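Here is the structure we will look at.
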Amino acid sequence: MKINLMKNISKGFTLIELLIVIAVLGVLAAVILVAIDPAEQLARGRDAGRKSSVTQLGRALQAYYTVNSATGYPNPVGPPIWTITLQNSGEIRIIPATTFPPSMTVTCTAAPSYTVNLAGGFCYKSTISPPGIANIVVYTRMESKSESSKNPPTSTCPAADIRWYMYGTSDGRGGTVCSSSTSTGEPDPITAYGTSLF
């Protein structure tokens, strides 16, 4: 009796099949990267940190004023710098700082009606100098596209407008405000933001 021996046929992918699979995986990876947008995710993370820091600094300023009501808020122009004053008084342990991409700048524009100081990427404005009973705002710019698409409940901010996250002592809370791309649109301690914060 003869036994038919089957030849060992090696099973596997051909080179063309492997190339097709690699190409499909490459297309899927590109689609996922576009959908996730890593740069936008990093910008959102930095914005979340900025919001937290602005709120922390605003609350620290209110706590400082509660303890030092005789002398008022820290002087924006120092010496020492207002963030160091808050640290020395024990209102904050670590002075927060933020960084911005090279295409963004943060300015703190002064005016005759208030004094201003930029420390660690955060602006601090006071309506009087030296500060006593005053309106104070702490703010910084937002960076992410998701922040640029937000609008207040009662109106619309054009996409070209700058979004600022601020904490105002007159309102005792933080929120986002939008302004024109000019420096005059920065948050102002004299303005009553009220419901315009979003």
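Every number in this text was worked out from the coordinates using simple rules, so none of it is lab data. As the structure is a computational prediction, the values presented were derived from the model and not from experiment. Every residue, glycine as well, gets a Cβ built from its backbone with ideal geometry; the counts of neighbours run over all protein chains shown.
Data for the structure
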quantity	calculated
Low-density loop cleavage sites - chymotrypsin sites (Phe, Trp or Tyr not before Pro) in the range 2-108, where at most 15 other Cβ are within 10 Å (DSSP)	PHE13
Loop trypsin sites (Lys or Arg not before Pro), the range 8-58, which have at most 11 other Cβ atoms in a 10 Å radius of their Cβ (DSSP)	LYS11
For the range 60-67, Karplus couplings with θ = phi - 60° (6.51, -1.76, 1.60), whole Hz, Gly/Pro x	5, 5, 5, 5, 4, 5, 4, 6
Sites ILE84 and LEU42, calculated FRET efficiency, Cβ-Cβ separation with R0 35 Å, nearest 0.05	0.75
Fraction of alpha-carbon pairs over 16 Å apart in the range 29-129 - percent	64
